[in-house]
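Inspection log for the structure reproduced underneath, given as structure tokens.
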Amino acid sequence: MSHALYTRYLEARQQQPQRYARDLAQHLGVSEGELTRARVGHDARRLQVDAATLLEACAALGEIKAITRNEYAVHEHLGRYTNLSLSEHGGLILNPRELDLRLFLQHWHSVFALCEQSARGERLSLQCFDQYGDAVHKIYATEQSDMDAWQALVERFASPENPAFPNGTTPPPAASAAMPTVDSAALEREWRAMTDVHQFFPLLRRHGVTRQQAFAAIADDLAYPVDNGALQQILEQARHDQNEIMIFVGNRGCVQIFTGQIAQVTTHQQWLNVFNPRFTLHLQAPAIASSWVTRKPTRDGIVSSLELFAADGSQIAQLFGQRTEGNAEQPRWREQLAALAALTEVPA
């Protein structure tokens, strides 16, 4: 199977040399993880290492480029794997305005080291996949990386074993869009009683609702839908005003966060792009099916965000105004959100 898949991959890459491995995997009807597994023995090596140990070892690599993506958005940031804090199933790398990650390690299943040839020469990466073969996080070497440490890491964890992914290409389906029976009054009461934004996830679990279902069930002063052009408007306004914002992009295993001023906003075909010296965002604007402004109470006052969702219900990205714990939200960020065009009807 692996040899046949690798042969098909070479043929597909020859026919479409500009396409990324993720796209070629979809073309071949396999997950990106399965395709990477088929490349072991060629330009990939399987590593036998748990996520926590890998991330601890990455501290020695120096500056790298970290990439976290989902189906619709790609978040790239230069940085270092410092200030790592881990628990049994999760953790974080806390470097505001630099490499800033939230980690859900139970979804990190397989790790590969790749050495690919590109138009710019040799490209080295460490690529981490979940049990379904979807990429959760990728780490690329840069000119500033410690290549002796990189090679030592690969040799330390290289494995002769190359087991298959247990679940193939069948990730769990997105939650149903149908509105469940929910006690809207209780949901709203608990929402208004929040003192920390991290209390929101337990609130959703208690009521058995998705984010968008919760938004639709409560009063408009807490959540309301806006036009799907909101993202570009917010990015352009933040670039003009030069206030710092935060952009979150994530998947099952990792959320990557940018904090700072926006330098450049461009569009190319279906992609909306942000280009900063150390950060890049690529987001498929046509994939945004619904956009919501949400307002969550905290000890420091209301914290507002713009949340973007695809038609399948998955979150594409989330944006906040930069805020330091203990301080109130930026007035300018609130003004930027207030300027967005609200919708009179909840998106279907």
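The values are calculated or read from the model by the stated rules, or taken from the named source; none is laboratory data. This structure is a prediction, so every number in the text was calculated from the model and none was measured. Quick reminder, even Gly has a Cβ in these numbers, built from the backbone with ideal geometry, and neighbours come from all protein chains shown.
Out of LEU55, LEU35, report the one residue that is assigned by TED's automatic domain parsing to the domain that holds ASP130 and either closer than 19 Å to SER145 by Cβ or free of Cβ contacts under 8 Å to residues at least 24 places away in the same chain (or both). Of the residues listed, the single one that is assigned by TED's automatic domain parsing to the domain that holds ASP130 and either closer than 19 Å to SER145 by Cβ or free of Cβ contacts under 8 Å to residues at least 24 places away in the same chain (or both) is LEU55. Out of the residues in region 220-260 that are without any contact (Cβ under 8 Å) to a residue 60 or more places away in the chain and under 19 Å from the mean Cα position of the chain (by Cα), state the one that is surrounded by the most Cβ atoms within 10 Å (Cβ to Cβ). Residue satisfying both the conditions and the ranking: LEU235. Considering region 328-348, the residues that are modelled with pLDDT of 95 or more and of a type outside the set (A, V, I, L, M, F, W, C) include one that is farthest from ASP241 (Cα to Cα), namely GLU329. Give me the strands (runs of 3 or more DSSP E) completely within region 281-348, filtered to those with at least 1 residues that are small (Gly, Ala, Ser) and closer than 15 Å to GLN232 by Cβ, ordered by residue number. Here the list reads 290-298, 315-321.
Output the residues belonging to region 137-160 that are among the hydrophobic types (A, V, I, L, M, F, W, C) and touching a Leu at 6+ places or on another chain (Cβ under 9 Å).
Passing the criteria: ILE139, ALA141, MET147, ALA149, TRP150, LEU153, VAL154, PHE157, ALA158.
Within the group LEU114, LEU99, which residue is in a strand (DSSP E or B) and closer than 20 Å to ALA60 by Cα? Result: LEU114 is the single residue among LEU114, LEU99 that is in a strand (DSSP E or B) and closer than 20 Å to ALA60 by Cα. Would you say ILE316 is at pLDDT 95 or above, assigned by TED's automatic domain parsing to the domain that holds THR195 and closer than 18 Å to GLN199 by Cα? It is false that ILE316 is at pLDDT 95 or above, assigned by TED's automatic domain parsing to the domain that holds THR195 and closer than 18 Å to GLN199 by Cα. Of all residues in region 81-116, which are charged (D, E, K, R) and assigned by TED's automatic domain parsing to the domain that holds ASP43? GLU116 - this is the single residue of region 81-116 that is charged (D, E, K, R) and assigned by TED's automatic domain parsing to the domain that holds ASP43. The sole residue among ALA57, ALA66 that is in contact with a strand residue (DSSP E or B) (Cβ under 8 Å, 6 or more places away or on another chain) and either crowded, with 17+ Cβ neighbours inside 10 Å or aliphatic (A, V, I, L, M) (or both) is ALA66.
Of all the listed residues (LEU86, LEU126, LEU92, LEU78), the sole one being free of Cβ contacts under 8 Å to residues at least 12 places away in the same chain, in contact with a strand residue (DSSP E or B) (Cβ under 8 Å, 6 or more places away or on another chain) and surrounded by 15 or more Cβ atoms within 10 Å (Cβ to Cβ) is LEU92.
Beta carbons closer than 7 Å, at least 6 apart along the sequence or on distinct chains, pair a first residue in region 98-109 that is touching a residue at least 24 places away in the same chain (Cβ under 8 Å) with a second that is among the acidic types (Asp, Glu) and assigned to a loop (DSSP other than H, G, I, E, B) for HIS107/ASP130; TRP108/ASP130; HIS109/ASP130.
On the stretch given as region 83-124, residues that are under 20 Å from PRO163 (Cα atoms) and touching a Phe, Trp or Tyr at 6+ places or on another chain (Cβ under 7 Å) total 2. Just one of the listed residues (GLY229, GLY168) is modelled with pLDDT of 95 or more and among the small types (Gly, Ala, Ser), and it is GLY229.
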